[in-house]
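A short write-up of the structure that comes next.
Read-outs throughout are calculated quantities, based only on the coordinates presented, and are distinct from any laboratory measurement. Values in this document were obtained by computation on a predicted structure and should not be read as measured data. Cβ: placed from backbone, ideal geometry, glycine included. Neighbour counts: every protein chain shown.
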Amino acid sequence: MSLVQRAAQSLRDGNSAQRAGETTKQRKQRKAETAFRLEAELDYGHLAQQGLFVPTSKPERLPQELRAIKRRLLRRLKYYKNDLSGRKSKRSILGAQSRRRVLMTSTSPAEGKTFTAINLALSLAIEDGINVLLVDTDMPRPRVFKYLNLPSLPGLSDKLRKPDLPLSDIVVKVRGHSLLLLSEGQQRDIPRDVFERGEMARVVQELTTAYPDHLIIFDAPPILAAPEAALLAQHADEVVFVVKANNTPESAIAAALEEVLEFNDSISLVLNQALVPGKFSHYGSYGEYYSDSKGQDD
């Protein structure tokens, strides 16, 4: 069993243990709060056209590179710990102190952070059966639902405006997969300082509590385009910072990282569209075959 498969089993085992301590009233309340009124179907043909992950039995580069990213991310989140014999043993990552909130961001727009976030969520959910909640927090420039060819729906901005809005009215269940989606929402007059306010922290905590068996991936705005977005890093257990190879100046990357480090020092870097020729091409070449004209612009 691979590391990712063991992590999925750890999630399921930990979730069962946690729920075993619930009272009947608590269990009924949780189920009512997280029932899904919205469902969506993935169009694999459309995903393939966008260069996104689709289930396949062929040995293609994109799934292989995503597996490398997943392995490193799961290790960073400490899904497993070594026992005294050196073997890896299961541990629950669930509960109030669990490390399962991942923030995806970049220095500037058009570096592929949304593309990476969607592919990571799809790969974890479809290939590994890990429960994933993908949240589009890039409200200035939302792209997640557009990439997935899904209609505009109420989402995060609506929840921020109406705190009593049930999650069951805005979280979308993807049929046939352990994947949930939360759009940016339909409110267009959200203030620029939304990430500085307590409402965002409250929503993040509500999502964490409502879905205790899910990895939660937040697709955040680029740091230099929306500097206040760095505040979101304080709510994440791991920040995945996407850098487009041979494109972003080192000084800009350093400035963006400095903003994030003020709130969170658990940062992983993903080098996007790096070209490495020859037999080593499977290292660091994530997304190399998707030209800018195919829409990988965020």
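Close amide H contacts of Thr248 (hydrogens built in the peptide plane, cut-off under 5 Å, sequence separation of 5 or more or a different chain): none are found. Sorted on the mean count of surrounding Cβ atoms within 10 Å across their residues, most packed first, peptides 134-142, 64-72 read 134-142, 64-72.
Where a ≥ b ≥ c are the square roots of the eigenvalues of the C-alpha gyration tensor, would you call region 101-144 rounded, which needs a/c under 1.5, or, failing that, prolate if a/b is larger than b/c, or oblate?
Numbers: a/c = 2.41, a/b = 1.93, b/c = 1.25.
Since a/c reaches 1.5 and a/b is larger than b/c, the shape of region 101-144 is classed as prolate.
Sequence-ordered 3J(HN,Hα) estimates for region 231-237 from the Karplus curve with 6.51, -1.76 and 1.60 and θ = phi - 60° stand at 4, 4, 4, 5, 9, 9, 8 Hz, glycine and proline given as x.
Phi-derived couplings, Karplus 6.51 cos²θ - 1.76 cosθ + 1.60 at θ = phi - 60°, listed residue by residue for region 159-176: 5, 5, 6, 10, x, 7, 4, x, 4, 5, 8, 10, 7, 9, 8, 7, 4, x Hz, with x used for Gly and Pro. Taking θ as phi - 60° and the Karplus parameters 6.51, -1.76 and 1.60, the scalar couplings of region 208-218 work out to 4, 6, 6, 10, x, 10, 10, 6, 10, 10, 9 Hz in sequence order, x denoting glycine and proline. Protection proxy ranking of 40-46, 240-246, by the mean of other Cβ atoms within 10 Å over each peptide's residues and highest first, is 240-246, 40-46.
Electrostatic bookkeeping for Arg175 treats Lys and Arg as +1 and Asp and Glu as -1; over the other residues with beta carbon under 12 Å from its beta carbon, the sum is -2.
Let a ≥ b ≥ c be the square roots of the eigenvalues of the Cα gyration tensor of region 180-281; is it rounded (a/c under 1.5), or, if not, prolate (a/b larger than b/c) or oblate?
Prolate.
Annotation: peptides 149-161, 199-211, 109-121, ranked by per-residue average of other Cβ atoms within 10 Å with the highest first, follow the order 109-121, 149-161, 199-211.
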